[in-house]
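As structure tokens, the structure follows; a few thoughts come after it.
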Amino acid sequence: MPRERPREERHREERPRARPREERAREERDRREHEPERDGREHEPERDRSEDEPERKRPRPRRPALVARDAARSAARHVQGLTGRPPEGITSLEHTEDGWTIGIEVVETHRIPDSTDILAEYQVELDDRGELVSYRRADRYYRGRAENRT
């Protein structure tokens, strides 16, 4: 004959295991990522709003499609692809009406000592998507005399 277990033991065995908070949070995050966005009107049938509401056009502030960091990286890649030399650094960065203007410094000739390296600054213009519009070598100078040039 099987032994009768105390009531507390039976209760403990039947209760589901409590999941850790991290596991519940991870499951919730995964569920949100795979669920389509809902705006509260999911059961409302689609309708042509042009008949009911006048067309409202609010001017939105123009936000660049490309942020400064990405513009600088894109410009550096373009200069390296065109010159065959890796960029030394970014010397200037300016957001314009049509995109970005970036100054890229490149070592054109390595010499010993390094202070006699010949550097060049390239001015690169990109559109808002990061595509090259133009580039040109704006200046050439010795590394040791970069600050003293006229």
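The values are calculated or read from the model by the stated rules, or taken from the named source; none is laboratory data. Owing to the predicted nature of the structure, the values given are computational and were not obtained by experimental measurement. Don't worry about glycine lacking a Cβ; one is built from the backbone with ideal geometry, like all the others, and counts go over all protein chains shown. Remember, those area values only see protein heavy atoms, side chains included, never the ligands or the DNA or RNA. Shrake-Rupley method; radii C 1.70, N 1.55, O 1.52, S 1.80 Å.
The listed residues His110, His78, once ranked by accessible area (1.4 Å probe) with the largest placed first, stand as His110, His78. In the complete set of protein chains, residue-level accessible area for Tyr142 is approximately 90 Å², probe 1.4 angstrom.
Sort Tyr141, Tyr135 from largest to smallest accessible area, using a 1.4 Å probe on the heavy atoms of the protein chains.
Tyr135, Tyr141
Using a probe of 1.4 Å, the accessible surface attributed to Leu93 totals some 80 Å² when neighbouring protein chains are kept in position. The length gained by stretching the chain between Arg140 and Glu22 to full extension, at 0.36 nm per residue less their Cα-Cα distance, is 36.8 nm. Figure note: Ile90, Ile104, Ile118, Ile112 ranked by solvent-accessible area, largest first, 1.4 Å probe, ligands and nucleic acids not counted: Ile112, Ile90, Ile118, Ile104. If R0 equals 22 Å, the separation of the Cβ atoms of Ser92 and Glu131 corresponds to a calculated FRET efficiency of about 0.70. Please list, by residue number, everything in segment 79-102 whose backbone N is under 12 Å from a paramagnetic label point 7 Å out along Cα→Cβ of Ala65. Counting backbone N atoms under 12 Å from the label point, the list is 99. In terms of Cα atoms, the Rg and Dmax of segment 71-111 work out to 10.9, 40 Å.
Specify whether the C-alpha gyration tensor of segment 62-138 places it in the rounded, prolate or oblate class, a ≥ b ≥ c being the square roots of the eigenvalues: rounded for a/c under 1.5, otherwise prolate if a/b is larger than b/c and oblate if not. Since a/c reaches 1.5 and a/b is larger than b/c, the shape of segment 62-138 is classed as prolate. In the assembled protein chains, Val67 presents an accessible area of approximately 80 Å² (probe radius 1.4 Å).
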